Each structure stands twice: as structure tokens, then as C-alpha cells.
Amino acid sequence: MNNKSLLAGTVLCALASASWGAMFPVAHIALQKIDPVTFAFLRYLLVSMLLCGLLLAKEGRSAFRLEGRGGALTFFGTMAFTVYNMGVFMGQKLMGETGTIAAAIMEVLMPMISIVLISLKTKKLPPAYSVTSIAIALAGALLVITNGSLAFFITASEQIFPLLLIFAGVVGWVVYSMGGARFVGWSTLRYSTLTCLLGTCVSFGVIASAILLQWMPAPSWESVVAIKYEMAFMVLLPGLVALLSWNEGIKRLTPLNGILFINLVPITTFALMAMQGYEISMFEFYGTLLVIFALIRNNHFQRKQLGYRKKQQKANRARVPSV
């Protein structure tokens, strides 16, 4: 990895993470004017249109062929652009201002969630250092969510559902991220575009069904126009730019290095909330530090283990006699 590629990867991952961190305070403003389901659908409808234009210009019409993999693409697209998108914003809306912080903290838990999902898939327990890191991260997340107050558990029934929505959404994004490995040979732009397009079609089915069944009113034109500035930001930065920047940055830095930039999410969120007048409590601050520490700790032990394996492989090759 040369210095130019390293710098580019660093800038791309930092840009993506900072954009995602800014997403939640901006969404908090928009969700006071429009319902979260419509907000989530419109966001990725516009992103998918932009992605389709980019893919057509760069790779041509042939790149839109599903190649018999429409089911998998729809599944992963649904996980990211329906389950994640709607789950996170519905949970954030129901929790109010504290939902903004909860959503940001859940983002940082993604690496830990991926460890659990991989362990369930392989039916192998994660290493001891990962189990400890997960416990530390959960303790930090709990400290943030409860804000250090035991009263949270008295009213837990009011908060558990929105928290589960946010958590389900975050798990959906982890599943989507892991799914990219099944499309070797496809460009990042192609995988991103087709999953976003198909996931948005599923989201349309959800919102259309909800309106027809009268579970929610049809959005008014006034409510859509009222969030034009927030929506422009959500589409361009946390949507289009962050999605492509993150995938390209991870390619340049490797997932082991790039995942550390996810720590910028709550930092950016807290900075913007402070600018909006929100007073961050000591429990929220130290809880966030615990989550970040857990991620860095786990990454450190992963590096040590990877370095040990490389040394072992090198030693094994040195023992093989030459013919």
C-alpha cells in the first residue's frame, strides 16, 4: 500500500463516517416535519436514481443484468435500504432526542455485531478478547442509552420497541455489508446500485401497503417540500457520497484498518448536537468512550493475531525444503 493510496483511503473512510455521524442530527430536524417511513423511502429513492445514472454512464446497460442473482440482491438490498433505513429512523423518531444518540452508538456497535453474526454462522465461539470487547461495548452502550439513570428500567417498556427497531436496522446493514463478499468481480458501484434499486422497490411496497391499509396517511406535498434542505444533505452526503466513499476506502485500507473510522460517527453526532444546544451528560460521554475503547481494543488484538499468523506462515514456508 503506497502513501497516496493510504491517504486517499483515510480521507474516504473519514468522510463517510463523519457524514453518517452528521446524518442523525439532521434527520432529527426532518423527522419533526415528516413521518420516518416516507423520509426513509424518499431518501434512497433519490440515491438509487443518482446511482443508476452513474452506473449507466460508467459501465453501460449490461451492468444492470441480474445474472440470475436477483433474489440475493433483493435480500441484501432489503436489509440495507428497507430494514436499516426504516428501522433506524422509526426508532429515532419514537425515542426523540435521545434516539439521535442511541442511533449513533448503535452504528459503532456494527463491528461487534458482525463478530456475533459470523460466530453464529460458523457455529464457533469468537476469541476471548472479542467476547470481552463485546461486553465492554454493550456496557458503554447501556450507559449511553440509560443516561446512568435506573429510572430507565422502570419505563423500559416505552423504550424497548424503538431500541429494537434501531438495533434491527443496524443488524440489517451489517448483513448487507457482509453480502458484498458474495459478488466477487462486481464493481462497488454495480453492487451498490442494484441492491439500492431493488431495496427501494421493496420500500415502495411497504409504504404503498401501509397507505392502502390506512396504517399511515399519504404524505402531503407540503411536508416533502418542508424537508428539501435536510433531504438534499441526506441524499448527497450520508447517502451517495458516504456509501461509495466507504466501500472504496475499505478497499484501499482493508476492513481491519478502515473499520476504526466508524468511531467518528458518535463524535460527529455529539459535536452537532452540542451546536444545536443539547447538553451531553457525563454518562453519555463516558459510555461513548467505552464503546470506542472496545472497538480499538478488539482491533488491536485482531492485528496481533493476524501478525502471529503471518509469522507462522513465513516460518512454515522457510521449513519447506527446496526441490
For the stretch 131-155 the number of residues that are at pLDDT 80 or above and either in contact with an Asp or Glu (Cβ under 9 Å, 6 or more places away or on another chain) or not aliphatic (A, V, I, L, M) (or both) is 4
Only one of (1) assigned to a helix (DSSP H, G or I); (2) surrounded by 13 or more Cβ atoms within 10 Å (Cβ to Cβ) does not apply to Ala274, and that is (2)
Selection over the stretch 189-204 where residues are open to solvent by 30 Å² or more (accessible area, probe 1.4 Å) and either more than 16 Å from Leu66 (Cα to Cα) or touching a helix residue (DSSP H, G or I) at 6+ places or on another chain (Cβ under 7 Å) (or both) yields a count of 4
### Query
Is one or more of the residues making up the stretch 234-254 farther than 27 Å from Ser17 by Cα and among the small types (Gly, Ala, Ser)?
no
Considering only helices (runs of 4 or more DSSP H) wholly within the stretch 90-154, the ones with at least 1 residues that are open to solvent by less than 60 Å² (accessible area, probe 1.4 Å) and under 21 Å from Leu264 (Cβ atoms) are 97-108, 110-122, 128-146
When the stretch 55-89 is checked residue by residue, the ones that are part of a helix (DSSP H, G or I) and acidic (Asp, Glu) are Glu59
Per the list (1) in contact with a Ser or Thr (Cβ under 9 Å, 6 or more places away or on another chain); (2) surrounded by fewer than 22 Cβ atoms within 10 Å (Cβ to Cβ); (3) in contact (Cβ under 8 Å) with a residue 60 or more places away in the chain, residue check on Trp215 breaks on (3)
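If we scan the stretch 214-229, do we find a residue that is part of a helix (DSSP H, G or I) and either touching a Leu at 6+ places or on another chain (Cβ under 8 Å) or closer than 30 Å to Ala8 by Cα (or both)?
The answer is yes, given that some residue of the stretch 214-229 is part of a helix (DSSP H, G or I) and either touching a Leu at 6+ places or on another chain (Cβ under 8 Å) or closer than 30 Å to Ala8 by Cα (or both).
Checking the conditions here, which among Val47, Val37 is modelled with pLDDT of 90 or more, among the β-branched types (Val, Ile, Thr) and crowded, with 23+ Cβ neighbours inside 10 Å? Walk me through how you get there before you give the answer.
Values: Val37 fails: crowded, with 23+ Cβ neighbours inside 10 Å.
Matching residue, one of Val47, Val37: Val47.
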Residue hits (the stretch 1-33; open to solvent by less than 10 Å² (accessible area, probe 1.4 Å) and in a loop (DSSP other than H, G, I, E, B)) are Leu31
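Select, from Thr288, Thr195, Thr188, the only residue that is in contact with a Pro (Cβ under 6 Å, 6 or more places away or on another chain), touching a residue at least 40 places away in the same chain (Cβ under 8 Å) and among the hydroxyl-bearing types (Ser, Thr, Tyr).
Details: Thr195 fails: in contact with a Pro (Cβ under 6 Å, 6 or more places away or on another chain); Thr188 fails: in contact with a Pro (Cβ under 6 Å, 6 or more places away or on another chain).
Testing whether each residue is in contact with a Pro (Cβ under 6 Å, 6 or more places away or on another chain), touching a residue at least 40 places away in the same chain (Cβ under 8 Å) and among the hydroxyl-bearing types (Ser, Thr, Tyr) leaves just Thr288.
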Scanning the stretch 68-102 residue by residue, those more than 15 Å from Ala168 (Cβ to Cβ) and modelled with pLDDT under 90 turn out to be Gly96, Glu97, Thr98, Thr100, Ile101
Listed by first then second residue, the pairs whose first member lies in the stretch 56-81 and is of a type outside the set (A, V, I, L, M, F, W, C), whose partner is open to solvent by less than 60 Å² (accessible area, probe 1.4 Å) and not in a helix (DSSP H, G or I), with beta carbons under 7 Å and at least 6 positions apart or on separate chains, are Glu59/Ser187
Those residues of the stretch 277-301 which are in contact with a helix residue (DSSP H, G or I) (Cβ under 6 Å, 6 or more places away or on another chain), in a helix (DSSP H, G or I) and open to solvent by 40 Å² or more (accessible area, probe 1.4 Å) amount to Phe283, Leu290, Arg297, Phe301
### Query
In the stretch 229-236, is there at least one residue being surrounded by fewer than 15 Cβ atoms within 10 Å (Cβ to Cβ) and without any contact (Cβ under 8 Å) to a residue 40 or more places away in the chain?
yes
Inside the stretch 172-185, the number of residues satisfying the requirement of being open to solvent by 30 Å² or more (accessible area, probe 1.4 Å) and either in a loop (DSSP other than H, G, I, E, B) or without any contact (Cβ under 8 Å) to a residue 60 or more places away in the chain (or both) is 3
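The values are calculated or read from the model by the stated rules, or taken from the named source; none is laboratory data. The model shown is predicted, which means the values in this text are computed figures rather than measured ones. Note: ideal-geometry Cβ built from the backbone for every residue, glycine included; neighbour counts use all protein chains shown. Protein only, heavy atoms only, side chains kept; ligands, DNA and RNA dropped before computing areas. Shrake-Rupley method; radii C 1.70, N 1.55, O 1.52, S 1.80 Å.
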